[in-house]
Amino acid sequence: NGRSPSKTYDAVIVGAGFSGLYALHRLRDDLGLKVRVLEMGEEVGGTWYWNRYPGARCDSESYTYTYSFSPELDREWSWSERYPEHPEIRRYLNFVADKLDLKRDIEFGARVTGATFDDAANRWTITTETGETFTAQFFITAVGCLSTTNVPKFKGLDSFRGRWYHTGAWPHEGVDFTGKRVGQIGTGSTGIQAAPVIAEQSKHLTVFQRTPNYSVPARNGPMSEEFKQHLRDNYTAIHDKKRTTTNGHPFDISSTSVLDVSPEDRERILEAAWTEGSLKFRAAFSDTLTNMKANQVISDWLRNKIHQVVKDPEIAERLTPRDHGYATKRPPIDTDYFETYNRDNVTLVDIRKEPIVEITPNGIRTEAREYPLDIIVFATGFDALTGPLFALGIESRDGKALRDVWAAGPQTYLGLQVPDFPNLFTITGPGSPSVLANMPVAIEQHVDWITDCIRHMRDSGKQRIETTEAEAETWGNEVDRAANATLLPMASSSWYLGANVPGKPRRFMPYAGGMAHYAKLCEGIARDGYRGFQFS
Ligand code: NA7
């Protein structure tokens, strides 16, 4: 058929973000495997290669959003701000890739569209969009959790005469908002970061909000020289700390219930957490996410903050979440989000009251009126966790598409393996705690575990590793149990549940039992001869 012959590897990894880069380093440099990384972007970066929308920055603090395996990397890199903006994260990943000489084993512009398993040879054949094929004993997905964009199918989008963009596939040359009327759909973490910046740059911003959201100030700012020195002196301790906590951040969740303190102490503690900013707000009390009453107290406090910041009481109320508790959906942090609604050039449309009917050549028409627009920004999120895996066209050993196998929801063992997909490892897959944790901590743990597992196979002469449906079912029950021990399943529109994508099965996907606890479980499983996995 004129195609070049398959290229043969020990392992093929898809994705050159945080996980793919680290997996390449461990498998190639520590195990000596022949490894190829296939990356559809034109450079390293993963999520941060695509997410270049205005205001895009990480919600984890920069010094915690790093690899921890190399004191040398820590010494030679320094962050400029409390939270890293997208270009700085790309610079960091480029720095790491260059330092470890990773790029020579990465094929850029290579979009994987198919993967089949040869049951007799115990090898995967991976195909790209251009028809190139690669075979490998191990197939490792490092495709991220939030990389398949969700563009809602509004009637008439094709007829729109202006330009439209999804935040997760932002043009690399940027978008000039000067003098433009912009409509933004979506008020998740992304929309909350983008709106203040777009409002400043555009003539007028209209935000179309379906579910109001809580948000806590990020309090971003330059990193002081003293703090940089503190990091250099303490990086080891900070990394060690991250590995012991529920969320992979270097701070503990308070052990005090919000219900056990006096109103004065409660006010003092919450105000201090608000002033300090960051995701740490969640940790101000022990029971933010485990006790309904406690969550209500904290949610009410945050609702009140919205009313304090937003001057027009009617708009403030429109912005106030009433149907879900704080942090049951992924809690955003922001820079001047609620303040943005005090601007004269910003309009908030509640599309629960006036639903979007269609997109017209001139803008967006709701049940109430048409909003003329030059640009529409979809901050409408992602087909999270499963979407990026389905896009790879992976088939089980008996030829079933992963999408069909998971028709009722994803089933994995530890988020790392899927029954009937031997020698396939899914870094940060559904059923892993990654999206509830500081991502690089989860990634390093997953990759280290997979590396040890492959080393174990090589040492013991095994060709194939797989898990069983029974194991996946048991793990699925554990994922459900862990979620139900929290208030997380209560937010009915959350992407954790798949509820943001029409037709997607509703199942709480991340493991909510805590990052450190999960790591211990994985360690124990490996120690017990990889309990729940079968080798042959
Ligand atoms: P999210 O958190 O999924 O937010 C998407 C937003 O878009 C949210 O406000 C949605 O409203 C809204 N949305 C989605 N579909 C529609 C339709 N059809 N009509 C109107 N509004 C819609 O995605 P983000 O990109 O903000 O954040 C993703 C993660 O990235 C974040 O959690 C961090 O982990 C980093 P809804 O709430 O569903 O009513």
Review point. So if we plug the beta-carbon distance of D265 and K241 into 1/(1 + (r/R0)^6) with R0 = 35 Å, what FRET efficiency do we get, rounded to 0.05?
Key: 0.85
Point to revise | With 10 Å bins from 0: P(r) over the chain, alpha-carbon pairs, percent | key: 4, 18, 28, 27, 17, 6, 1, 0
Exercise for review: Return the subset of K203/K329; K34/K462; K103/K228; K241/K329 for which the Cα-Cα distance in this structure is over 20 Å, preserving the input order.
Suggested key: K203/K329; K103/K228; K241/K329
Check your understanding: Going by how many other Cβ atoms sit within 10 Å of their own, how do M509, M40 line up, fewest first?
Key -> M40, M509
**Study point:** Size of the stretch 171-218 as Cα extents on the principal axes (Å, biggest first)
**Key:** 29, 20, 18
Check your understanding: So in the stretch 1-119, what percent of DSSP beta bridges are antiparallel if you round to the nearest 5?
Key -> 10 percent
Check your understanding: Sorted by mean Cβ packing within 10 Å, highest first, what order do the peptides 410-422, 150-162 take?
Key -> 410-422, 150-162
Check your understanding: When we measure straight from the Cα of K155, which aspartates and glutamates land under 15 angstrom away, once same-chain ones fewer than 8 places off are left out?
Key -> E358, E367, E370
Check your understanding: Say each of R458 and N484 gets a label point 7 Å from the Cα, pointing the same way as Cα to Cβ; how far apart are those two points in nm?
Key -> 4.3 nm
Review point. On average, how much area does the Cα convex hull of the stretch 72-185 cover when viewed from any direction, in nm²?
Key: 12.4 nm²
Practice item. Round to the nearest 10 and give me the degree value, 0 to 90, for the angle of helix 86-99's Cα axis relative to the longest principal axis of the chain. Key: 20 degrees
Practice item. Kindly express, to the nearest 10 degrees and within the range 0 to 90, the angle between helix 263-276's C-alpha long axis and the longest C-alpha principal axis of the chain. Key: 70 degrees
Practice item. Obtain the nm distance between the two label points defined at T275 and F535 by a simple spin-label model: each point lies 7 Å from its Cα along the Cα-to-C-beta direction. Key: 5.7 nm
Exercise for review: Quick one: grab the alpha carbon gyration tensor of the stretch 167-308, order the square roots of its eigenvalues as a ≥ b ≥ c, and give me rounded if a/c is under 1.5, else prolate or oblate depending on whether a/b is larger than b/c.
Suggested key: oblate
Point to revise | Mean Cβ count within 10 Å, highest first, over the residues of peptides 389-399, 189-199, 220-230 | key: 189-199, 389-399, 220-230
Check your understanding: Which of G114, A194, A470 sits closest to the plus end of the dipole of the chain, meaning its Cα is farthest towards the positive end, when Lys and Arg get +1 and Asp and Glu get -1 on the C-beta?
Key -> G114
Review point. To the nearest 0.05, what FRET efficiency results for N362 and E469 with a Förster distance of 51 Å applied to their C-beta separation?
Key: 0.45
Check your understanding: If you build the Cα gyration tensor of the stretch 380-536 and take the root of 5 times each eigenvalue, what three semi-axes come out, in whole angstrom, biggest first?
Key -> 25, 19, 13
Exercise for review: Take the alpha carbon atoms of the stretch 374-435, find their radius of gyration, then divide it by 2.2 N^0.38 Å using N residues; give the quotient.
Suggested key: 1.31
Check your understanding: How far is the Cα center of the stretch 476-498 from the Cα center of the stretch 9-79, in Å?
Key -> 28 Å
Check your understanding: What lysines could a cross-link reach from K153, if we take a straight Cα to Cα line under 20 Å and drop same-chain neighbours fewer than 8 places away?
Key -> K353, K504
Review point. What are the radius of gyration and Dmax of the stretch 285-426, computed over its Cα atoms and given in Å?
Key: 21.5, 61
Study note, to complete from the structure: Most packed first (mean Cβ within 10 Å per residue), the peptides 252-263, 288-299 order as 288-299, 252-263
Review point. If R0 is 25 Å, what FRET efficiency do you get for W164 and K353 from their C-beta distance, rounded to 0.05?
Key: 0.60
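Any read-out appearing in this document is the output of simple, stated calculations on the displayed coordinates, not a laboratory observation. These numbers come from a predicted model, not from an experiment. We place every Cβ from the backbone using ideal geometry, glycine too, and count neighbours over all the protein chains shown.
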